[in-house]
Amino acid sequence: MSPKYPNRVKIAHLPTPLHPLERLSKHLNGPTLYIKRDDATGLAAGGNKARKLEFLVAEALAQGCDHLVTTGAAQSNHCRQTAAAAAQYGLGCSLVMKGHEPAAKTGNLLIDDLLGAHMYWAGDQDTSKVMAQVAAELRAMGRKPYLIPLGGSNVLGATGYVLAMQELMTQLTTAALNVDFIVVASGSGGTQAGMVLGAAVYGFRGQILGVSVSPEAQALTTQIAALVTATATHLGLGTLSLAHKISVNDDYLGEGYGMVGEMEREALRLVAQREGILLDPVYTGRAMGGLIDLIRWGAFTRGQNVLFWHTGGAAVLSAFADKLS
Ligand SMILES: *Cc1c(COP(=O)(O)O)cnc(C)c1O
């Protein structure tokens with residue numbers, strides 16, 4: 001299987017580090033834990049969207065577009081990294097945010113502002129409708145907008161994570177390391193879809209476990225399966241079904257998306273204080289909380305190697321100050 005990759009610009013600092021979590025592993029007394037540091041991709045405070053944007057921005061430039069338009073929740077990391085990519089390539093950026101404008105610009109909203117993004121608040125309206133309106137206004141002004149879906153999760157975004165699996169396999173081979181499980185936070189599914197396809201392409205034999213931060217497992221699994229198939233087709237790999245390789249856990253949704261509970265608080269403090277690594281309360285805190293819970297329930301054996309894929313997000317921390325302290 002040899003994928004034919006679309007054009008890519010260089011945005012992320014790659015390869016991101018892979019290293020053991022010795023003190024955390026010892027503390028939890030379960031499997032041996034490793035971490036893949038996609039919080040260190042760069043692009044205005046790092047995160048998984050940098051890998052996706054390498055392909056999305058390349059297509060925007062190839063189409064002669066001069067403006068990126070995307071959408072997300074108020075504290076969206078995807079919006080923040082899209083605004084940064086736009087700034088890096090001299091493009092305009094419009095962000096359609098879900099809900100109503102909060103009183104204070106904190107966390108990612110502050111960074112979006114510093115990066116010069118234009119903000120639109122969808123209020124009670126459907127964000128895709130507002131995105132279409134914003135794009136129409138830009139066209140009327142003679143601009144050429146490029147629309148990026150929620151989370152950058154289309155075939156181009158997922159492609160970033162197909163290649164991330166190649167990067168991981170090279171690191172594992174060099175370190176003579178065998179990973180039994182990858183645990184990753186899953187939201188719009190593009191990251192997990194890319195990983196599942198990349199695992200098949202590059203021969204990763206472990207299991208990939210997505211911890212959902214919001215959708216129910218069934219819905220997210222279906223969404224990921226469709227994206228895996230579409231991405232495989234886009235990369236010239238033919239029709240490929242990897243539905244049996246898609247594993248999503250929705251046991252840790254708590255009060256819902258972005259609602260911080262005791263589990264996230266504990267995971268954040270534990271990883272910060274045992275490893276000096278910052279997680280975020282919305283994605284990686286929830287995924288790590290899930291991983292810790294699974295370890296405590298004995299889901300893994302002592303000799304197994306479990307890799308936590310850090311997808312970034314700590315730029316939101318100050319916006320959650322009242323929920324975290
Ligand atoms: C967007 C995001 C995710 C989820 O990635 P998807 O591809 O949307 O599933 C995970 N972690 C962080 C920090 C994110 O910003």
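The values are calculated or read from the model by the stated rules, or taken from the named source; none is laboratory data. The structure presented is a predicted model; accordingly, all values stated were derived computationally and were not measured. Cβ: placed from backbone, ideal geometry, glycine included. Neighbour counts: every protein chain shown. With ligands, DNA and RNA removed, areas are computed over all heavy atoms of the protein, side chains included. Shrake-Rupley method; radii C 1.70, N 1.55, O 1.52, S 1.80 Å.
Residue by residue through the stretch 173-188, note down the ones that are open to solvent by 20 Å² or more (accessible area, probe 1.4 Å) and within 16 Å of the ligand (Cβ to nearest atom). Of everything in the stretch 173-188, those that are open to solvent by 20 Å² or more (accessible area, probe 1.4 Å) and within 16 Å of the ligand (Cβ to nearest atom) turn out to be GLY187, SER188.
Between GLY289, GLY298, GLY303, GLY285, the distinction of being open to solvent by 60 Å² or more (accessible area, probe 1.4 Å) and either more than 13 Å from the ligand (Cβ to nearest atom) or in a helix (DSSP H, G or I) (or both) belongs to GLY303 only. Here MET141 does not fit the description of being free of Cβ contacts under 8 Å to residues at least 40 places away in the same chain, farther than 16 Å from SER76 by Cα and within 16 Å of the ligand (Cβ to nearest atom). Count of the stretch 19-57 residues, restricted to those that are open to solvent by 10 Å² or more (accessible area, probe 1.4 Å), out of contact with any Asp or Glu (no Cβ under 9 Å at 6 or more places or on another chain) and either more than 30 Å from MET119 (Cβ to Cβ) or among the aliphatic types (A, V, I, L, M) (or both), is 12.
Only one entry in LEU240, LEU278, LEU294, LEU307 is within 25 Å of ASN178 (Cβ to Cβ) and under 16 Å from the mean Cα position of the chain (by Cα), namely LEU307. Restricting the search to the stretch 104-137, which residues are under 19 Å from PRO281 (Cα atoms) and surrounded by fewer than 20 Cβ atoms within 10 Å (Cβ to Cβ)? Those that are under 19 Å from PRO281 (Cα atoms) and surrounded by fewer than 20 Cβ atoms within 10 Å (Cβ to Cβ): ALA104, LYS105, THR106, LEU110. Scanning the stretch 265-282 for residues that are within 16 Å of SER325 (Cβ to Cβ), assigned to a loop (DSSP other than H, G, I, E, B) and away from the ligand (no atom under 16 Å from the Cβ) yields a total of 0. Of the strands (runs of 3 or more DSSP E) lying entirely inside the stretch 1-120, the ones with 3 or more residues being in contact with a His (Cβ under 8 Å, 6 or more places away or on another chain) are found at 32-37, 92-97.
Looking only at the stretch 205-224, residues that are more than 16 Å from SER153 (Cα to Cα) and either surrounded by 20 or more Cβ atoms within 10 Å (Cβ to Cβ) or within 12 Å of the ligand (Cβ to nearest atom) (or both) come to 3 in all.
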